[in-house]
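Taken together, the values in this text are just the output of simple stated rules run on the coordinates, not laboratory data. Keep in mind that what you see is a predicted model, and the values were worked out from it rather than measured. Don't worry about glycine lacking a Cβ; one is built from the backbone with ideal geometry, like all the others, and counts go over all protein chains shown.
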Amino acid sequence: MNQQLIIFFKALLGSCKDLLPIVLVIAFFQFAVLQQPMPNLGDIFIGLILVVLGLTFFIYGLEMGLFPIGESMAKAFARKGSIVWLLTFAFCLGFGTTVAEPSLIAVAAEAATVAASGGIIEATDISQNEYANGLRYTVAFAVGLAIVIGVLRIIRGWPIQYLILGGYVLVVIMTAFAPTWIIGIAYDSGGVTTSTITVPLVTALGVGLASSIKGRNPMIDGFGLIAFASLTPMIFVMAYGMVLS
Amino acid sequence: MDLLIEFFDTLKSTVVDVLPILSIILVFQLLVIRQPIPHIKQVGFGFLYVLIGLALFLLGLEKALFPLGKMMAEQLTATEFINPAGIADSALNWSYYGWVYVFAAAIGFSTTIAEPSLIAVALKAEEVSGGGIKANSLRIAVAIGVAIGIALGSYRIVVGHPIHYYIICGYIVVVIQTFFCPKMIVPLAYDSGGVTTSTVTVPLVAALGLGLASTIPGRSPLIDGFGLIAFASLFPIIAVMAYAQITHIRTRN
């Protein structure tokens, strides 16, 4: 029990260190640059304590739950030897976690407003909703496909750089043809898809797969799934924009 | 008491967000793999801790950091701060926004250090590399990348250059680096682009972009406000490969 407590306090201290830079930055700008007093000190103090506790619990649970489940499933799939099921799982994981992602929903709604104000779609709720949902499903499909390609790469041992660089070339070519209003949103959509729970799960899945397949190196083959998940949405969102116009 | 209610509200929405992931895992575990989950009790508690942790984390951010950070982004980009002397719009050039770039870099760096998904990937990388890659060094490298990216992205909004020139130049740098840096780091470096922008960074950075785009004459918040996240996902790739290259050269000498 005592030892558990020591570990917990060490983790708590670590979280405090992680948070220190933000506190320093905000304090510096508030006092030195904007030269204003700190508003609602009490609220901020409580908030900071919650953030520190939350980060500590999250990292604790990460090592206990998310990492082990990701790796054990990867190993079970590798033992089972059914590539079709593994790829189905990969697609569901990518699609399922992205379609409900709150930051994606927010960005899609914002993008619909942009499109409506730019006269690309009608400025009615129905057509804006339709556009936002279309965008969401496009991105979710792109992420599902990304995890499938990424898992296939781990199984086959393809070098990652050719796939990613090929993707970049595709992004550049499509940028030349895609309508201007979609480009900013498309580039951003790569970044918003990977949530705090998906990332550890997908990372554990990749590393687990690479370490249970003979001849794969977990460092070289295990990482890279998230890279695919941030690349394909850009391509698909630009394609979505091209289809619409 | 209010805090408790807010906590349960946040917890509820976190659970709703996690539900799709949880059901996919359960369906595949029970119907396809057809084996009991190993150490089910421990894994269950782990999930519970992750949910509680995330809910506390989000609630704390909403209470303490987001309101203040967003307010700061607005104040720093407001006309009264940038242009107290009332200079004509045409005479206002990019150098008037000095504090904005410093704030962009500082907030990019500090929020990235606190980003939970980056902590997860860094821990895993340290474990897999057998300690060859230090979790903290990796996080600092990524944070420096985000800092440079967001500062440069703010500069782009100020001067109004098209985004794709910057992103394509960044891609070219990534391609060149890929051929020269140690092979082991390449997949991790590519991954680090995607993990940097989530819970902590996105809301503050979005506020900054929106603030900038609505203050600067000739920019539209709806069109120019986007794009900072793209910068924050590209530059960490460059930074992590640079970090690997520097360590590589150092150990060789």
Per DSSP, the loop-located trypsin sites (Lys or Arg not before Pro) within region B:1-105 having at most 13 other beta carbons within 10 Å are B:34
Given unit charges at Cβ for Lys, Arg (+) and Asp, Glu (-), the dipole magnitude of the protein assembly as shown about its Cα centre in debye, nearest 20, is 1920
In debye to the nearest 20, the charge dipole size for chain A, taken about the Cα centre with +1 at each Lys and Arg Cβ and -1 at each Asp and Glu Cβ, equals 1080
Once the dipole of the protein assembly as shown is set up from charges on Cβ (+1 Lys and Arg, -1 Asp and Glu), the residue from the list B:201, A:40, A:224 lying farthest towards its positive end is A:224
Taking only the alpha-carbon atoms of chain A, the convex hull volume per residue, in cubic angstrom, is 187
Magnitude of the Cβ-charge dipole (Lys and Arg +1, Asp and Glu -1) of chain B about the Cα centre, nearest 20 debye, reported as 860
Rounded to the nearest Å, the spacing of the alpha-carbon centers of region B:149-179 and region B:71-136 is 16
Mean-square fluctuation maximum in Gaussian network of chain B, Cα pairs under 10 Å, restricted to B:177, B:29, B:75, hits B:29
For the protein assembly as shown, the charge dipole (Cβ of Lys, Arg +1; Cβ of Asp, Glu -1; about the Cα centre) points to a positive end, and the Cα of B:130, A:31, B:100 closest to that extreme belongs to B:130
The residues A:242, A:219, sorted from fewest to most surrounding Cβ atoms within 10 Å, come out as A:242, A:219
Shielding of B:164-173 by other chains, given as the mean Cβ count within 10 Å, works out to 3
Mean other chain Cβ within 10 Å across B:26-33 is 5
The pairs in A:10/B:70; A:17/B:63; B:41/B:70; A:10/B:134; A:17/A:214 lying past 29 Å Cα-Cα in this model are A:10/B:70; B:41/B:70; A:17/A:214
From DSSP H assignment alone, runs of 4+ in chain A each adding -39500 (n - 2.57), the sum over residues rounded to the nearest 500 puts [θ] at 222 nm at -27000 deg cm²/dmol
Across all Cα atoms of the protein assembly as shown, Rg and the largest Cα-Cα distance (Dmax), in Å, are 22.0, 71
Helix-only [θ] at 222 nm, chain B, -39500 (n - 2.57) per DSSP H run of 4+, per residue, nearest 500, equals -24500 deg cm²/dmol
Heads up, chain B by the C-alpha gyration tensor (a ≥ b ≥ c square roots of eigenvalues; a/c under 1.5 rounded, else a/b over b/c prolate, else oblate) looks oblate
